[in-house]
Amino acid sequence: MIATLLFVAFLGLMFVGVPIGAALGLAGAAAIALANADAQWFGLLAVPQNFYAGLGKYPLLAIPMFVLVGSIFDRSGVALRLVNFAVAIVGRGPGMLPLVAICVAMFLGGISGSGPANAAAVGGVMVAAMARAGYPASFSASVVGAAAATDILIPPSVAFIIYSVLVPGASVPALFAAGMVPGVLAGIALIVPAVWLARRHKMGALEATLPRPAFWKSLKEAAWGLAAPVLILGGMRAGWFTPTEAAVVAVFYGLFVGMCIHRTIGLRDLYPILREAGELSAVILLVVSLAGIFAFSLSTLGVIDPVAAAIVNSGLGEYGVMALLILLLITVGMFLDGISIFLIFVPLLLPIMNHYHWDPVWFGVILTLKVALGQFTPPLAVNLMVSCRIAGVRMESTVRWVGWMLLAMFMVMVLVIAFPQLALWLPAKLGY
């Protein structure tokens, strides 16, 4: 009964508008109090202990830094220079600007760990450029929102950091390596419907008339941005620094590029950049710490084992259970952000993963793919929300376009499920 109350209280608080972090913490605290009605202080001394335990993990130090990197590169003008360089490579023509938007979003995924920050950086440049070329605003918002979802697959990824904290058998470097190939495949899969839709509906009629940037000049201007993922990921691979230290290096590199090379960031800009990154990091880490209370109440009430046993013994079989999890998490992904989904569901799914002997790194990539799908699935898609705000359109107007991109990324997820080596080959090759 108390276990049922835990979920009813959580859902009820969310429906009345309580922020998800507070709903997790309050529901967990209420369940702890009811389960320990005869104990001193109703067992509520466990609340501050688990609040701190949820937060006091070394890999989580990387999150504020990668969020700050996203804010710095958003304001440094790197996205615009990358767009010009990409256009210089692929040229002008129907469907080329959507292709550029997706490629730049994938590249920025190797710098920032935040999908909404990626959507803001790419959307700020590409939505206006696509409007000048004659693309409908709703289509531009769909392309940018979907492209930014590759951010949580291509390292560095905040979602992978959270997953590594929750699953002891999955290290951050192994997850970063495992996400690379599926992330690139997801980007390629998104390019196909984006270009096809643009040409089929004769969008971008003005694109061919726009000037094509000079290749060598645009390469020179984009060189500092192109070097960022090489520094971050190459440094981790060479053993120069850990993922957490890499995030700090990326911050100082971004500041150097923005303040000394491009001179697009001044001393007065530092305060709003730090404030923006601090606010977003505080929200993420507060949800993480409050979810620790929720997870503690789940484990002490004995909810996890019965739920896992019921799913395993449902008669669906291994692939039937996987299909059920896909349906569940994509549905949940329409309403919750990726970090919240991981914090709520990974403790419940770990026994299922162990029962079927699924590789924890491969399983983490599958879960992240499901979350990526949720990031641009209406009605509450965080990336799509950002791109729609930039484009000045309602989310409902994107449905006719975004559905094709959801199908394309879904097919990538099916491929990774059917062929686990797509995720596991690179970590094994790199010795993780």
Exercise for review: Would you mind telling me which numbered condition in (1) touching a residue at least 60 places away in the same chain (Cβ under 8 Å); (2) more than 26 Å from Ile341 (Cβ to Cβ) Gly239 fails?
Suggested key: (1)
Check your understanding: Do we find a residue being open to solvent by 40 Å² or more (accessible area, probe 1.4 Å), out of contact with any Asp or Glu (no Cβ under 6 Å at 6 or more places or on another chain) and modelled with pLDDT of 85 or more anywhere in the stretch 149-163?
Key -> no
Practice item. Mind listing whichever residues of the stretch 112-143 are modelled with pLDDT of 85 or more and in a loop (DSSP other than H, G, I, E, B)? Key: Ala133, Gly134, Tyr135, Pro136
Check your understanding: Among Ala189, Ala194, Ala141, Ala198, which is the only one that is open to solvent by 10 Å² or more (accessible area, probe 1.4 Å) and over 16 Å from the mean Cα position of the chain (by Cα)?
Key -> Ala189
Check your understanding: Condition test on Thr331, is it part of a helix (DSSP H, G or I), of a type outside the set (Phe, Trp, Tyr) and without any contact (Cβ under 8 Å) to a residue 60 or more places away in the chain?
Key -> yes
Check your understanding: Counting only residues that are open to solvent by less than 20 Å² (accessible area, probe 1.4 Å) and part of a helix (DSSP H, G or I), which one in the stretch 371-390 is farthest from Tyr432 (Cα to Cα)?
Key -> Cys388
Practice item. Go through (1) buried (at least 24 other Cβ atoms within 10 Å of the Cβ); (2) without any contact (Cβ under 8 Å) to a residue 24 or more places away in the chain; (3) among the aromatic types (Phe, Trp, Tyr) one by one and return the number of the condition Trp216 breaks. Key: (1)
**Study point:** Scope the stretch 9-30; condition open to solvent by 90 Å² or more (accessible area, probe 1.4 Å) and in a helix (DSSP H, G or I); matching residues
**Key:** Phe15, Leu26
Review point. Filtering the stretch 65-96 down to residues that are among the small types (Gly, Ala, Ser) and not in a helix (DSSP H, G or I), which residue is farthest from Val251 (Cα to Cα)?
Key: Gly93
Review point. Can you tell me which residues in the stretch 354-365 are within 23 Å of Val181 (Cβ to Cβ) and either of a type in the set (Ser, Thr, Tyr) or open to solvent by 10 Å² or more (accessible area, probe 1.4 Å) (or both)?
Key: Tyr356, His357, Trp358, Asp359, Pro360, Val361, Trp362
Review point. Is it the case that Ala62 is surrounded by 15 or more Cβ atoms within 10 Å (Cβ to Cβ), small (Gly, Ala, Ser) and farther than 27 Å from Val251 by Cα?
Key: no
**Study point:** Hits in the stretch 254-270 - residues which are open to solvent by less than 50 Å² (accessible area, probe 1.4 Å) and without any contact (Cβ under 8 Å) to a residue 60 or more places away in the chain
**Key:** Gly266, Leu270
Review point. When Thr368 is evaluated against the numbered criteria (1) open to solvent by less than 10 Å² (accessible area, probe 1.4 Å); (2) at pLDDT below 85; (3) within 21 Å of Phe176 (Cβ to Cβ); (4) of a type in the set (S, T, N, Q), which criterion, by number, is the only one it fails?
Key: (2)
Check your understanding: In this structure, does Gly109 turn out to be modelled with pLDDT under 80 and surrounded by 24 or more Cβ atoms within 10 Å (Cβ to Cβ)?
Key -> yes
Point to revise | Which numbered condition Val251 fails, given (1) surrounded by fewer than 17 Cβ atoms within 10 Å (Cβ to Cβ); (2) modelled with pLDDT of 85 or more; (3) closer than 22 Å to Phe160 by Cα | key: (1)
Review point. Taking Val230, is it among the hydrophobic types (A, V, I, L, M, F, W, C) and either surrounded by 15 or more Cβ atoms within 10 Å (Cβ to Cβ) or under 19 Å from the mean Cα position of the chain (by Cα) (or both)?
Key: no
Revision key, fill the gap. Among (1) part of a helix (DSSP H, G or I); (2) at pLDDT below 80, Ala205 falls short only on (1)
Check your understanding: Can you tell me how many residues in the stretch 405-432 are open to solvent by 20 Å² or more (accessible area, probe 1.4 Å) and either part of a loop (DSSP other than H, G, I, E, B) or not small (Gly, Ala, Ser) (or both)?
Key -> 18
Exercise for review: Test Asn50 against the criterion of being surrounded by fewer than 21 Cβ atoms within 10 Å (Cβ to Cβ), touching a Gly at 6+ places or on another chain (Cβ under 7 Å) and among the polar types (S, T, N, Q), and give yes or no.
Suggested key: no
**Study point:** Condition broken by Ile72, with the remaining ones in (1) within 30 Å of Asn354 (Cβ to Cβ); (2) modelled with pLDDT under 85 satisfied
**Key:** (1)
Exercise for review: Take the stretch 56-79 and flag every residue that is within 14 Å of Ile161 (Cβ to Cβ) and β-branched (Val, Ile, Thr).
Suggested key: Ile63, Val67, Val69
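The values are calculated or read from the model by the stated rules, or taken from the named source; none is laboratory data. Computed from a predicted model, the values in this text were never measured in an experiment. Neighbour counts are summed over all protein chains in view; Cβ atoms, including those assigned to glycine, are modelled from backbone coordinates with ideal geometry. Calculation scope for accessible area: heavy atoms of the full protein, side chains included, ligands and nucleic acids excluded. Shrake-Rupley method; radii C 1.70, N 1.55, O 1.52, S 1.80 Å.
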